[in-house]
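Trainee: This structure is in structure tokens; I'll ask about it shortly.
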Amino acid sequence: MMLFYFQRLVEIFPFFLKGLWMTAAVSGISLIMATIIGLLLGIARASENKLLVRLIGAYVAVIRGTPFVVQIFIIFFILPEWGIQLEAFPAALLSLTILGTAFICEIVAGGIKAVPRGQWEAASSSGLNLYQQLRYVIVPQSLQTILPPLVGQYVLLIKDSSVVSVIGVMDLTRVGWVTVNRIPEGLMVFSLVGLLYFAISYPLIRLSNRLEKKMATQQVML
Amino acid sequence: MIKFNGVNKWFGKLHVLRDIDLHVTSGEVVVVCGPSGSGKSTLIRCINRLEKFQKGELFVDGTPLHDHSTNLTKLRAEIGFVFQQFHLYPHMTALQNVTLAPINVRKMKRADAEKLGREKLARVGLADKADAHPTQLSGGQQQRVAIARGLAMSPKIMLFDEPTSALDPEMIGEVLDVMVKLASEGMTMCVVTHEMGFARQVAHRVIFMDEGSLVESGNPHDFFANPKTDRAAQFISKILTH
């Protein structure tokens, strides 16, 4: 019987690949958006504008203090009440982006604050405007602090993306659920699901570790 | 060139600058000295508005710094600032440190900026260090790169905030030599320093500060030989004996 199910599983493997693709698409797109917005918000959060710092701080606190599955339900079920209709896919992108942005902006703010004040003073003294100070002096130096935890955060967000299955996005996790209804070998099915997640996460974990080592040696050189 | 009119500054409750009146003319070299905590660094940091002040007027090259609508970016491009801790950009080579502002602020072509940058590095005696990173340079060399970085913008004023205080004694001379040369070329300079040899050699005027006030101001010869105030006399005897 096991063998029979295994053969069935091999037959429907393309279905899993579709789920994998959906997981990669949902998390990939939202990670890119979260990185861009998180960079901007992180810079603002490291600034001296108290209002901005507090507003972003409140946003981060709310997102970190509530479960992602609740956030995604709120976006999926509450927005229509206000007349905003979102399909499952854009709703998933939106909620993952909001989640990712909160974590990434904290990482970016930490990295920017780690750059010594003298670097800002030197850059502004030579007549660079704020954008140029950030672009050429501050951000390049803060990347050392930012990159390793950023890649680590990507791994967490890719795994968190499995929650989008609850609103009907046919991602890897939902493919698992659907398959289990036809092939009642839960262990086998979800081992495959786990393996496929691991296939994306593991290279990133390796990358994060390597970056950490590389940055540590650069740090020593500085 | 630089005109302080009754400038006052507080850090919270601490009154760090008290009624500063000071006029520095074009081409003048002014040395600011005084015990630590006397407000001398704060004073020159006001000149390019690294520090804000709460009361009084300050004009730099005709630009009012007490006016909050003043375009600081534009003003700062005309003023070179050399820090005690150099603050070179550690992720760039010496040449990149020097050319960053000319390329981005003056909008020079990279090739022109690099030519200019090499000239300025040669001027501080570091022509052969253009491709070195700050970590590969000694303190004295780093400070000279920092001076070249300031000069690359062809500033109207150069400000030095204790430029030799973070250096090993054997490296102080090489930095002072560059500054002496600069002074002899007619650069307007304000220098916070305890290097009294430098003050004697090139300063047109020495200013003595204590507890946020400008206590005494005079030509170096008179200042060192006949200080008018007890506080200045005490200060001079301390730095000369140590």
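Trainee: Quick check: anything in region B:158-167 surrounded by fewer than 23 Cβ atoms within 10 Å (Cβ to Cβ), in contact with a helix residue (DSSP H, G or I) (Cβ under 6 Å, 6 or more places away or on another chain) and part of a loop (DSSP other than H, G, I, E, B)?
Mentor: Within region B:158-167, one or more residues are surrounded by fewer than 23 Cβ atoms within 10 Å (Cβ to Cβ), in contact with a helix residue (DSSP H, G or I) (Cβ under 6 Å, 6 or more places away or on another chain) and part of a loop (DSSP other than H, G, I, E, B).
Trainee: If I ask for residues that are closer than 16 Å to B:I44 by Cβ and outside any strand (DSSP E or B), which ones from region B:1-18 would you list?
Mentor: Passing the criteria: only B:M1.
Trainee: Counting residues that are within 12 Å of chain A (Cβ to nearest Cβ) and buried (at least 22 other Cβ atoms within 10 Å of the Cβ), which helices (runs of 4 or more DSSP H) fully inside region B:84-157 reach at least 2? I'd like the intermediate steps shown before the answer.
Mentor: Numbers: elements: B:94-104, B:110-123, B:139-151.
Once the helices (runs of 4 or more DSSP H) in region B:84-157 are filtered for at least 2 residues that are within 12 Å of chain A (Cβ to nearest Cβ) and buried (at least 22 other Cβ atoms within 10 Å of the Cβ), what remains is B:94-104, B:139-151.
Trainee: Let me ask something additional. Report whether or not A:T101 is more than 14 Å from every other protein chain (Cβ to nearest Cβ) and farther than 20 Å from B:R49 by Cα.
Mentor: On the way: more than 14 Å from every other protein chain (Cβ to nearest Cβ): yes; farther than 20 Å from B:R49 by Cα: yes.
Yes, satisfied.
Trainee: Let me ask something else about it. Hey, among A:V163, A:V175, A:V139, which residue is assigned to a helix (DSSP H, G or I), within 14 Å of chain B (Cβ to nearest Cβ) and either aliphatic (A, V, I, L, M) or in contact (Cβ under 8 Å) with a residue 24 or more places away in the chain (or both)?
Mentor: Details: A:V163 fails: within 14 Å of chain B (Cβ to nearest Cβ); A:V175 fails: within 14 Å of chain B (Cβ to nearest Cβ).
Exactly one of A:V163, A:V175, A:V139 is assigned to a helix (DSSP H, G or I), within 14 Å of chain B (Cβ to nearest Cβ) and either aliphatic (A, V, I, L, M) or in contact (Cβ under 8 Å) with a residue 24 or more places away in the chain (or both), namely A:V139.
Trainee: Which of the residues that make up region B:181-199 are part of a helix (DSSP H, G or I), exposed (fewer than 15 other Cβ atoms within 10 Å of the Cβ) and of a type outside the set (S, T, N, Q)? Walk me through it before giving the result.
Mentor: Going through region B:181-199, the residues part of a helix (DSSP H, G or I) turn out to be B:181-184, B:196-199.
Imposing the further condition that a residue be exposed (fewer than 15 other Cβ atoms within 10 Å of the Cβ) reduces the set to B:181, B:184, B:197.
Once the filter is applied, which keeps residues that are part of a helix (DSSP H, G or I), exposed (fewer than 15 other Cβ atoms within 10 Å of the Cβ) and of a type outside the set (S, T, N, Q), region B:181-199 yields B:K181, B:G197.
Trainee: Pick out the one residue from B:K52, B:K40 that is within 13 Å of the chain's Cα centre (by Cα), over 15 Å from B:M158 (Cβ atoms) and of a type outside the set (A, V, I, L, M, F, W, C).
Mentor: Values: B:K52 fails: within 13 Å of the chain's Cα centre (by Cα).
Checking each option against the conditions leaves just B:K40.
Trainee: While we're here: Quick check on my filter: what residues within region B:176-217 are under 25 Å from B:S154 (Cα atoms), without any contact (Cβ under 8 Å) to a residue 60 or more places away in the chain and of a type outside the set (D, E)?
Mentor: If the condition is that a residue be under 25 Å from B:S154 (Cα atoms), without any contact (Cβ under 8 Å) to a residue 60 or more places away in the chain and of a type outside the set (D, E), then B:L176, B:V178, B:M179, B:V180, B:K181, B:L182, B:S184, B:Q201 are the ones that fit.
Trainee: I would also like to ask the following. Have a look at A:I112, A:I146 and point out the one that is without any contact (Cβ under 8 Å) to a residue 40 or more places away in the chain, farther than 18 Å from B:L88 by Cβ and in contact with a helix residue (DSSP H, G or I) (Cβ under 8 Å, 6 or more places away or on another chain). Write out each step before concluding.
Mentor: Numbers: A:I112 fails: without any contact (Cβ under 8 Å) to a residue 40 or more places away in the chain.
Every option except A:I146 fails the conditions.
Just so you know, all these numbers are worked out from the coordinates, no wet-lab data involved. The structure displayed is predicted, hence computed values, not measured ones. Note that each Cβ is placed from the backbone with ideal geometry, even for glycine, and that neighbours are counted across all protein chains shown.
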